[in-house]
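Heads up: the structure comes next, in structure tokens.
The values are calculated or read from the model by the stated rules, or taken from the named source; none is laboratory data. Keep in mind the model is a prediction, meaning the values are calculated, not measured. Note: ideal-geometry Cβ built from the backbone for every residue, glycine included; neighbour counts use all protein chains shown. Keep in mind that these areas ignore ligands, DNA and RNA; they rest on the heavy atoms of the full protein, side chains included. Shrake-Rupley method; radii C 1.70, N 1.55, O 1.52, S 1.80 Å.
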4 protein chains.
Amino acid sequence: MERESSATMRIGVLTSGGDCPGLNAVIRSVVHRGTDVHGDEIIGIEDGFLGLIEGRSRPVSHDDVTGLLTLGGTILGSARVKRERIEWAVENAPTLARNLGIDALIAIGGEGTLTAAKMFSEAGLPVVGVPKTIDNDIDATDVTFGFDTAVHVATEAIDRLKTTAESHQRVMVVELMGRHTGWITLTAGMAGGAHGILIPEKPFDIEAVARMVEDRFERGKKFAIIAVAEGAAPAEGTMRFDHGAVDQYGHQTFGGIGTRLAHELEDLLGKEARPVILGHTQRGGTPTSRDRVLATRFGWHAVEAVHKGAFGHFTALRRNEIELVPIAEAVTRLKTVPVDRWAESEAIL
Amino acid sequence: MERESSATMRIGVLTSGGDCPGLNAVIRSVVHRGTDVHGDEIIGIEDGFLGLIEGRSRPVSHDDVTGLLTLGGTILGSARVKRERIEWAVENAPTLARNLGIDALIAIGGEGTLTAAKMFSEAGLPVVGVPKTIDNDIDATDVTFGFDTAVHVATEAIDRLKTTAESHQRVMVVELMGRHTGWITLTAGMAGGAHGILIPEKPFDIEAVARMVEDRFERGKKFAIIAVAEGAAPAEGTMRFDHGAVDQYGHQTFGGIGTRLAHELEDLLGKEARPVILGHTQRGGTPTSRDRVLATRFGWHAVEAVHKGAFGHFTALRRNEIELVPIAEAVTRLKTVPVDRWAESEAIL
Amino acid sequence: MERESSATMRIGVLTSGGDCPGLNAVIRSVVHRGTDVHGDEIIGIEDGFLGLIEGRSRPVSHDDVTGLLTLGGTILGSARVKRERIEWAVENAPTLARNLGIDALIAIGGEGTLTAAKMFSEAGLPVVGVPKTIDNDIDATDVTFGFDTAVHVATEAIDRLKTTAESHQRVMVVELMGRHTGWITLTAGMAGGAHGILIPEKPFDIEAVARMVEDRFERGKKFAIIAVAEGAAPAEGTMRFDHGAVDQYGHQTFGGIGTRLAHELEDLLGKEARPVILGHTQRGGTPTSRDRVLATRFGWHAVEAVHKGAFGHFTALRRNEIELVPIAEAVTRLKTVPVDRWAESEAIL
Amino acid sequence: MERESSATMRIGVLTSGGDCPGLNAVIRSVVHRGTDVHGDEIIGIEDGFLGLIEGRSRPVSHDDVTGLLTLGGTILGSARVKRERIEWAVENAPTLARNLGIDALIAIGGEGTLTAAKMFSEAGLPVVGVPKTIDNDIDATDVTFGFDTAVHVATEAIDRLKTTAESHQRVMVVELMGRHTGWITLTAGMAGGAHGILIPEKPFDIEAVARMVEDRFERGKKFAIIAVAEGAAPAEGTMRFDHGAVDQYGHQTFGGIGTRLAHELEDLLGKEARPVILGHTQRGGTPTSRDRVLATRFGWHAVEAVHKGAFGHFTALRRNEIELVPIAEAVTRLKTVPVDRWAESEAIL
């Protein structure tokens, strides 16, 4: 896999998929390491694979990345591209690379991006991947950047809710990110001391949730906080309302699971239950120090991987080291919350 | 109005109405000033006027208030009481005061509380008021505690939304507190640089909001942030959907104005529009330094007011001084956002 | 004083003196209001009066101020200029204005800047001032921007120190900004619940400070926090060490008052006392929401003042309104901490 | 090593050594898991091994740990104990355990505590360890709680310094914790984008630091941030001043390395260089979400370890799992910053 290249290179970099704090820090680090140490030229490709296909790019210099360490979002933009267009691009990979004048590509993105990166590598556009998923659901790396920031934002919200819930004897439902996996909700729920933690991996029973709240009130506790992942769902038939229903304009009644859960709990318990929907506040803004360092290290190692010729690999954190992992490993398995990790939170359920 | 009392007193303290960061800081300050300087005994009355009526109270000592400066909520609790029960309590004020063994009362609460405080004072239970409204809508004081914290939380959310909105070319709608007045939304909107600021004082035209967003995109800007107060409403007939509609279970379809606005904008603009509902995160948690100082000063001056016999008055900030204002002044006029303050935000609309 | 100008203008803007969170927010607001509403051209003058003298400037457009609301520092830079050069510049004001091609100037700075602004106005370069002092010591305005941010940073530090001081039975000394006035120390000290608050306005007695700490320990409290302004000084003869001494390299022994005070308290009390020196962390970084709004309003009103011809005036916050105040008023009196404000903190001494 | 105990137990818990955010979260978790799931009685031992020796303890119930997740410090206190007294205690371990009425002990502390824990286990007082070091220098675990919080505080300070340093063309020196290892400085330095990172593992050359700063200024950069660990030291003979010197009162001249470095750089560069000494702000206050979760998991697994009879072991994070590691492993090797980790930060030196 490895053929060292000490020569100066023209390296493309793109960001793909949903937003994630730390994207800009990876770009900055790629530029710093590439230009300062290897004398590379870094070419920023705009709007992910769309820019690759449409040949939209611009050089990114040291000055262009000043201040990026703390800046959320991505200066390169990101856009969704249909599968067919990606497939077309893979077939035309060498031409696209030639048009952009790049020798190699660093692709920062989620599972879909890494899969595409592998195909591009095999088709003649050598790619190193940097994994990006705010949900932290890529199994091959201990953690991904952005996740810590999302948990930080969610935990701060739970912290704030606790005092107001306590003073007013209320149930608070916080809806957090996580369509398919519950890592953000489990982690922020544990960090914030939520009393119920509902995740996609474990269909919940609304009656059991209501009972837990009632138990707390009977023990003299004056409030309860429920953290619920946006992808959490009731076990079939346990919620009364028809949550699939849409109104006359085609919009789902009740909004997301957070609002629906609050409505049902209010009905079941006869107590005020209020939803909080943090939405995109979890995936924007200044990254935490942990995410900045991880993103910086990923960028550093991605550049080294390019110069080593470790294409078709992506950067992964294992314990405290960054390793290069074959992309094939990344995409086989979604990292979901296992039963024994879930058990660790039960002490606070 | 003033008869000095250097004598040691038994002073009741209660918190009433919705949660507000700084309530505990007022209680702490009352205890510090009362016990340390005047040798008073401070009696905490539980759950607002409910505890007054039901005779539920406990002494609050210096040790009991350790750590309260930074703690959201109220250690005394707060509950809603029906108007009739308050009226009954006013009639029986001297008896209630005797039962609780208090010489005077410091009542921390909103407009309703201050009105009641005035009636109690006239009926023989001498009260000093401390104004509390997270909405900052009491005209007689430059600002109330809790407001700065709510604005801080809302501004942090807008800050985080900006980077993610920009990277993904989205419209974000942040629903903020404020049923009747738009101070939180105006202030956080200005602090966060929101592009649209919709408040109850000024019915909005959904088409105009959509046009502003389109103008931004045409000028090459890639996103827009709309801050909307929960009490903001469209000018009659300007929104297409019937937002008063309820579904078969009696729950309002679409949720609050934030969700509804996002739905309509998405339909009108053909661009993704996402709502964020901060809800009670705005009224809980650690107060900002400004709110802690204001709450501390209000508590300090309330105790002094009790010893001076300034009953029927409440504490107010005017420029940098705490003054005692007749309660009658407080309840005459809701402080709404005036046209010229609104104009100052137009530069960033 | 007022002659309305609806005509488009070329308005210079400069920032002068020490750093202060909110400077960039003023610049942004001037550009937004000036260019969007009045069609003005805004000329940024580099490094304060130095750029005025040396003719260094650049146009500042709407795009140039994107992101400035949250950015500390000043994009225009700031430098110290000797009094003689300022005097020379005043004499040549019309020429300098002509060279830069500006019709009027908005000067953002402290007392010295405002004094100079007045002189320039009288010499033919019409200036509107925006007051800037992190110490909040300008009497004519209720508060200045930057101050709230400094207090916020200092309060967070005191919050963190409290738990560690308590666990380890220690005395912590936090040195805060304030050479001539104690506003930051008083305000952050009250907000953080410091047990001793030492400010320049009130020379302290080291023995009294030590006694206060001992009293706390005797009452079973396990720690003490002393907030000390960098300009606070012991009453003459009350500290044992010769703090004016310099070592063989010309550097003052002991560093600042924070370090010295910790040393002396350790010697006097026989307990560990540790200094924390927050230094410039207090004057950098993202402004609080309050400072952003105040800075934005100051910028807005400064542009309006230019168009009204209110030269020789500066913007001031009075209660909740921005007023225009003759510069002469600003420079007559330093706003120091008065005795009765100090008294309000004694409950927590 | 493992003998399962499903029986209810009386488990002592103590915290030892320096402060560390997350200590209270461990205590809370031990109580939750022990009492709620196993029906254990948890006995809090005061002031670390001192309370063990002196028989000072109190039961800690579910109610006692309310609110501890977010509270810095340790409700049990911590004190230094001389080696001889520890040795005496080890010899008398069974008696001490009997006096306190405990079946097992959970000892939360650093290397010294874990060593003692091992000796107690062998002497008849069965102990499970929980590693605690803010410096993150225990090799057997990927990370320790408290470290992330310290890095977070330090990074926020660097963030704030950057804008003010840039506006005023200054050199800022931030002194961070770390007597023997540079993990906090390396990590916060990378997260904050410091331009120089000086750690104990690598003696620095003051001339090289000065040269790096000059290079930056020559390249048009207007400031530099140096992060220096309190234990970093110059290579012999490279600093001009005699930093070992003490003044006439026995206090070291110049204070710590941060102040000394700033003085020397100012002299060498002829530019203002300012020190910031964060001191104990790094080890107090609310833990980050990451530290809360790690501490909670450590407490959970420590209780399980007690019931499994895994004495003489301590909890360790490896990848994403908590494992039980023989204490002997912990104390063999200090985890220092290796050369290749250091290299990753050079891109930003």
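Structure data summary
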read-out: B:LYS132 being surrounded by fewer than 24 Cβ atoms within 10 Å (Cβ to Cβ) and either outside the structural domain of B:THR315 (by TED's automatic domain parsing) or touching a residue at least 40 places away in the same chain (Cβ under 8 Å) (or both); value: no
read-out: Number of the condition not met by A:SER29 [criteria: (1) at negative phi; (2) without any contact (Cβ under 8 Å) to a residue 60 or more places away in the chain]; value: (2)
read-out: Given (1) under 18 Å from D:PHE145 (Cα atoms); (2) more than 14 Å from chain A (Cβ to nearest Cβ); (3) among the aliphatic types (A, V, I, L, M), index of the condition D:ALA328 fails; value: (1)
read-out: Residue that is crowded, with 23+ Cβ neighbours inside 10 Å, touching a residue at least 12 places away in the same chain (Cβ under 8 Å) and among the hydroxyl-bearing types (Ser, Thr, Tyr), where the choices are B:THR115, B:THR144; value: B:THR144
read-out: Helices (runs of 4 or more DSSP H) contained in segment A:267-349 and holding at least 2 residues at pLDDT below 95, under 26 Å from A:HIS152 (Cα atoms) and open to solvent by 20 Å² or more (accessible area, probe 1.4 Å); value: A:339-346
read-out: Residue selected from segment C:56-69 under the condition at pLDDT below 95 and over 25 Å from the mean Cα position of the chain (by Cα), by the criterion least open to solvent (accessible area, probe 1.4 Å); value: C:HIS62
read-out: Of residues in segment B:118-129 being open to solvent by less than 10 Å² (accessible area, probe 1.4 Å), over 18 Å from the mean Cα position of the chain (by Cα) and in contact (Cβ under 8 Å) with a residue 40 or more places away in the chain, the one nearest to B:GLU87 (Cα to Cα); value: B:VAL127
read-out: Of the criteria (1) modelled with pLDDT of 95 or more; (2) small (Gly, Ala, Ser); (3) open to solvent by 10 Å² or more (accessible area, probe 1.4 Å), which one C:ALA154 fails; value: (3)
read-out: Hey, A:SER16 surrounded by 20 or more Cβ atoms within 10 Å (Cβ to Cβ), hydroxyl-bearing (Ser, Thr, Tyr), within 14 Å of chain B (Cβ to nearest Cβ) and under 25 Å from the mean Cα position of the chain (by Cα) or not; value: yes
read-out: Criterion (open to solvent by less than 10 Å² (accessible area, probe 1.4 Å) and on the phi > 0 side of the Ramachandran plot) met by exactly one of C:GLY72, C:GLY22; value: C:GLY22
read-out: Subset tally (residues that are over 30 Å from D:GLU156 (Cβ atoms) and either within 14 Å of chain B (Cβ to nearest Cβ) or of a type outside the set (D, E, K, R) (or both)) for segment A:59-108; value: 21
read-out: Pairs, first facing chain B (nearest Cβ under 9 Å) in segment C:290-319, second in a strand (DSSP E or B), C-beta under 7 Å, six or more apart; value: C:ARG297/C:ILE322; C:HIS301/C:THR315; C:HIS301/C:ILE322; C:ARG319/B:ARG318
